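Colleague: The structure under discussion is supplied below as structure tokens; questions concerning it will follow.
The values are calculated or read from the model by the stated rules, or taken from the named source; none is laboratory data. These figures come from a predicted structure and were not determined experimentally. Don't worry about glycine lacking a Cβ; one is built from the backbone with ideal geometry, like all the others, and counts go over all protein chains shown. When the accessible area is computed, the model is the full protein with side chains, heavy atoms only, and any ligands, DNA or RNA have been set aside. Shrake-Rupley method; radii C 1.70, N 1.55, O 1.52, S 1.80 Å.
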Amino acid sequence: MQKKTFIIANWKMNMSVNNANKFIKKLDKLNYKKKKFKEIVICAQFLLLPSLSKISRKNILLGSQDCHHEPQGAFTGDSSIDLIKFFKCKYVIVGHSERRKYHYESNHLIKKKIDLISIKNLIPILCIGESLEERKSKKYKEKIYGQLNESVSNKIKKLVIAYEPIWSIGTGKIPSYDEISEISNLIKNFFVKFRKNCDLSIVYGGSVDSLNFRKISEIKNINGALIGGSSLKYSELKKIVSSIN
Ligand code: PEP
């Protein structure tokens, strides 16, 4: 059977309301032949979600790029999981390296977010990955293992892990297929051994485009990609989506 492939767009802090609406309407009209094997998710900034949630969609799911770890309260400037759910998101990205860097998010905090997202029956997309220094000094496996161990509890029933080496995000540099494969096997083995009850999918993220998407998705234990820059260009995303028709 053909494996399930995720195409997860991380739009970051980009797109106007108009452009986002037009983009989604156009993308949704593409005729997806093998729909049940594809999960196309657009993760948009919070303020786009109310408008995007009103567009009728047959082929595209919505996700947010973060959430707060508490359900509600005195947390000025943050967004709650209940509103994310209200605006029809099915997925929530957590632990993106930009959140870890600019908002000092720790594995401990990310664990709380994952627990809350799961309790609310949404699906967390957990981003993990090493820096260039960690890769060069051969500490990358340790880093990834620690991120998994500290942020995913035994209770989690469904999860997407996005392996995103920090040095590959927005740089045009991607690891070799063997390097991606090594990490996807490590992640898979961690779950088989220590988090048996979790329905896990693994995607790769970092400088994915229409030229490398297909080959990356064919790697064993990889179910598609989390895509930043290329997901903002309609022609690129269209090619990526069509490449698994
Ligand atoms: C990302 O930031 O999640 C990402 C994968 O970005 P890019 O595709 O631009 O490298």
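Colleague: Given the structure, is ILE119 of a type in the set (A, V, I, L, M), closer than 22 Å to LEU61 by Cα and over 13 Å from the mean Cα position of the chain (by Cα)? Explain how you work it out, then say what you get.
Modeller: Working: of a type in the set (A, V, I, L, M): yes; closer than 22 Å to LEU61 by Cα: yes; over 13 Å from the mean Cα position of the chain (by Cα): yes.
Yes; evaluated as a whole, the condition is true for this residue.
Colleague: Hey, another quick one. In this structure, does ILE202 turn out to be part of a loop (DSSP other than H, G, I, E, B), within 16 Å of the ligand (Cβ to nearest atom) and surrounded by 14 or more Cβ atoms within 10 Å (Cβ to Cβ)?
Modeller: Details: part of a loop (DSSP other than H, G, I, E, B): no; within 16 Å of the ligand (Cβ to nearest atom): yes; surrounded by 14 or more Cβ atoms within 10 Å (Cβ to Cβ): yes.
When the stated conditions are applied, ILE202 does not pass them.
Colleague: Let me ask you something else. Would you check if ASN149 is away from the ligand (no atom under 16 Å from the Cβ), under 21 Å from CYS43 (Cβ atoms) and open to solvent by 60 Å² or more (accessible area, probe 1.4 Å)? Give the derivation first.
Modeller: Details: away from the ligand (no atom under 16 Å from the Cβ): yes; under 21 Å from CYS43 (Cβ atoms): no; open to solvent by 60 Å² or more (accessible area, probe 1.4 Å): yes.
No: the conditions fail for ASN149.
Colleague: Moving on to the next point. Does ILE156 count as crowded, with 16+ Cβ neighbours inside 10 Å, more than 15 Å from the chain's Cα centre (by Cα), in a loop (DSSP other than H, G, I, E, B) and more than 16 Å from the ligand (Cβ to nearest atom)?
Modeller: Yes.
Colleague: Residue by residue through the range 5-17, note down the ones that are exposed (fewer than 14 other Cβ atoms within 10 Å of the Cβ) and in contact with a helix residue (DSSP H, G or I) (Cβ under 9 Å, 6 or more places away or on another chain).
Modeller: Applying the first criterion (exposed (fewer than 14 other Cβ atoms within 10 Å of the Cβ)) to the range 5-17 yields 13, 16-17.
Passing the criteria: SER16, VAL17.
Okay, residues lined up against (1) touching a residue at least 12 places away in the same chain (Cβ under 8 Å); (2) in contact with a strand residue (DSSP E or B) (Cβ under 6 Å, 6 or more places away or on another chain); (3) within 22 Å of ILE180 (Cβ to Cβ):
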residue: TYR91; (1), (2), (3): yes, yes, yes
residue: VAL94; (1), (2), (3): yes, yes, yes
residue: ARG99; (1), (2), (3): yes, no, no
residue: SER118; (1), (2), (3): yes, no, no
residue: SER151; (1), (2), (3): yes, no, yes
